[in-house]
Amino acid sequence: MLAALLYGQEDLRLENVPEPSPSAGEVVLKVTAATTCGTDLKVWRRGGHAKMLQLPTLFGHEVAGEIAAIGSGVSGWQVGDRVVANNSAPCMQCFFCERQEYSLCTDLSFNNGTFAEYIKIPPAIVHHNLLPIPAHMPDDLAAMTEPLACVLHGVARSNLQAGDRVVVIGDGAIGLMFIAAMSLTKDVTLILFGGNNQRLEIGRKLGAKYVFNYKDIPDISAKVKQLTQGWGADIVVEATGVPAVWEQAIACGRPGATINLFGGCPKNTTISVDTGQLHYSEMTLKGVFHNTPIYVRNALSLLASGLLPFELLISDRRPLADLEAVFQDMKNRRVIKVAMTN
Ligand SMILES: [Zn+2]
Ligand SMILES: [Zn+2]
C-alpha cells in the first residue's frame, strides 16, 4: 500500500509499504479521509515530535475510515463499518487514569499513519476511542473529531460562563474551533486575533463578534481593554504555541481571568509572568493538553449535529499522492485543513 513516511525536517516520502494486518485486539481501517492538522505541519517543519514519534515514521493522526480487517478478540464491529479512531487512548490503569485525569496518562498510546491507504488501530484505541460514524455524516467531517475533542476539553477547562467576553488568539483550525464551540454558550462575546484575513472571515462565520488581524493592531491587550471597559477579557485562549504570544495572552485577561495556554510551545522555552499581576489580580493560568474519551464522543456528536458549520475548516480535498504539495500549501498558509482521500 501507499503510505507517507516522515524521515526528518520537511522530508516526507510516499512509499510502498506492506499492508498492515491486525493482531489480537486490533483492527485495520481503510482510510477514507485523513485531515491535515497544524500539529502535522509543526512536526514536519521541526522534523519530529518528542512525545509522539520516532523517525522514520508513519505520519498523520486524524482519520475516518472503513473497517477492513478485525483481529481476534475484537467484538462489536464488522468489516465495512464506518468509524472514526482517535489518535490515542489512555491506559486506564496508571496513577492519573485512576483519578480520571486521562490526558495526563503516563502510558498514553499514540497512533500515527493516517496518510496511507490503510492504518492499524491498536487495542487501547479500539477499546476506548473507536466510534461509529452516523449514517448521514461525511467522512471528512468525522475525521475532525480528534482536534475538536481537544478543543472541547479546552473549553471545559476554561471556566466559561454565560455573558463572558472571550479572546482567542490564533486563527488556525484549533483557534477557529474554539470560537465555534464557545459560541454555543449564552451571550458570550468572542474576540478573535489572527494573521490571515480569510481565516478571520471564517472565524466570523463561526461566531466571532470582533476579528482583528494582529498585523494591524500594535498592541493586542490595549485593543482588548478598549472593548471591555478597560478591564480585559474574562477568558483568554492562546492557540498559537509561541511563547511571546503566551505572554500577550496573559496581558489580555481581566483580574480574575482564566488564561487557557492551549498552544504547545517548542521544547525548553520559558515565559515570564508579572508576579504582582498573577497574585493581586487572582489570575488562573491553565495549561490544557490533548483530549480524553468523553470529549472524543462529544466532539463526534457535535460534528454530526450540524449545529455549527465546521465544514468551513476544510479548504480542500486532495488525493494522497498530492501530500507533499499540500504540506507546502499549509506552510504558506494557503489552506486551513485538507482532507486527504484515497
Ligand atoms: Zn490534529
Ligand atoms: Zn494511564
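The values are calculated or read from the model by the stated rules, or taken from the named source; none is laboratory data. Everything numeric in this text was worked out from a predicted model, so none of it was measured. For neighbour counting, all protein chains shown are included, and Cβ atoms are generated from backbone atoms with ideal geometry for every residue, glycine included. Just so you know, the surface numbers come from the protein's heavy atoms only, side chains and all, with ligands and any DNA or RNA stripped out. Shrake-Rupley method; radii C 1.70, N 1.55, O 1.52, S 1.80 Å.
More than 30 Å from Ala124 (Cβ to Cβ), open to solvent by 60 Å² or more (accessible area, probe 1.4 Å) and in a helix (DSSP H, G or I) - does that describe any residue in segment 279-292? Yes - at least one qualifying residue is present in segment 279-292.
Set side by side, the residues Val31, Val79 differ, and just one is at pLDDT 95 or above and open to solvent by less than 40 Å² (accessible area, probe 1.4 Å), which is Val31. The set of residues in segment 16-28 that are open to solvent by 40 Å² or more (accessible area, probe 1.4 Å) and in contact with a Pro (Cβ under 9 Å, 6 or more places away or on another chain) comprises Ser23, Ala24.
The residues on offer are Asp234, Asp219, and the sole one that is out of contact with any Cys (no Cβ under 7 Å at 6 or more places or on another chain), acidic (Asp, Glu) and without any contact (Cβ under 8 Å) to a residue 60 or more places away in the chain is Asp219. Every listed requirement among (1) closer than 27 Å to Leu14 by Cβ; (2) surrounded by fewer than 23 Cβ atoms within 10 Å (Cβ to Cβ); (3) within 16 Å of ligand 1 (Cβ to nearest atom) is met by Ser103 save one, (1). Scanning for something farther than 30 Å from Ala3 by Cβ and at pLDDT 95 or above, does segment 104-115 turn up at least one residue? Yes, because at least one residue in segment 104-115 is farther than 30 Å from Ala3 by Cβ and at pLDDT 95 or above.
Kindly indicate whether Ile259 is assigned to a strand (DSSP E or B) and not charged (D, E, K, R). Answer is yes for this residue.
Which residues, counting only those in segment 53-81, are touching a Pro at 6+ places or on another chain (Cβ under 7 Å) and either closer than 30 Å to Gly8 by Cβ or within 16 Å of ligand 2 (Cβ to nearest atom) (or both)? The answer is Glu62, and nothing else.
For (1) assigned to a strand (DSSP E or B); (2) among the aliphatic types (A, V, I, L, M), each residue gets a yes or a no:
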position	(1), (2)
Leu200	no, yes
Arg204	no, no
Val224	no, yes
Val236	yes, yes
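Asp316 satisfies every condition listed in (1) charged (D, E, K, R); (2) without any contact (Cβ under 8 Å) to a residue 40 or more places away in the chain; (3) not in a strand (DSSP E or B) except (3).
Within segment 34-54, the residues that satisfy the criterion of being loosely packed, with under 14 Cβ neighbours inside 10 Å and either in contact (Cβ under 8 Å) with a residue 40 or more places away in the chain or closer than 13 Å to Ala4 by Cβ (or both) are Arg45, Ala50, Lys51.
Yes/no per residue for (1) without any contact (Cβ under 8 Å) to a residue 12 or more places away in the chain; (2) basic (Lys, Arg); (3) open to solvent by 50 Å² or more (accessible area, probe 1.4 Å):
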| position | (1), (2), (3) |
| --- | --- |
| Ile259 | no, no, no |
| Gly276 | yes, no, no |
| Arg297 | no, yes, yes |
| Glu311 | no, no, yes |
| Arg333 | no, yes, yes |
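Taken as a whole, segment 241-252 holds at least one residue that is crowded, with 17+ Cβ neighbours inside 10 Å, in contact (Cβ under 8 Å) with a residue 60 or more places away in the chain and of a type in the set (S, T, N, Q). Within segment 158-214, if we keep just the residues that are among the acidic types (Asp, Glu) and out of contact with any strand residue (DSSP E or B) (no Cβ under 7 Å at 6 or more places or on another chain), the residue that is surrounded by the most Cβ atoms within 10 Å (Cβ to Cβ) turns out to be Glu201.
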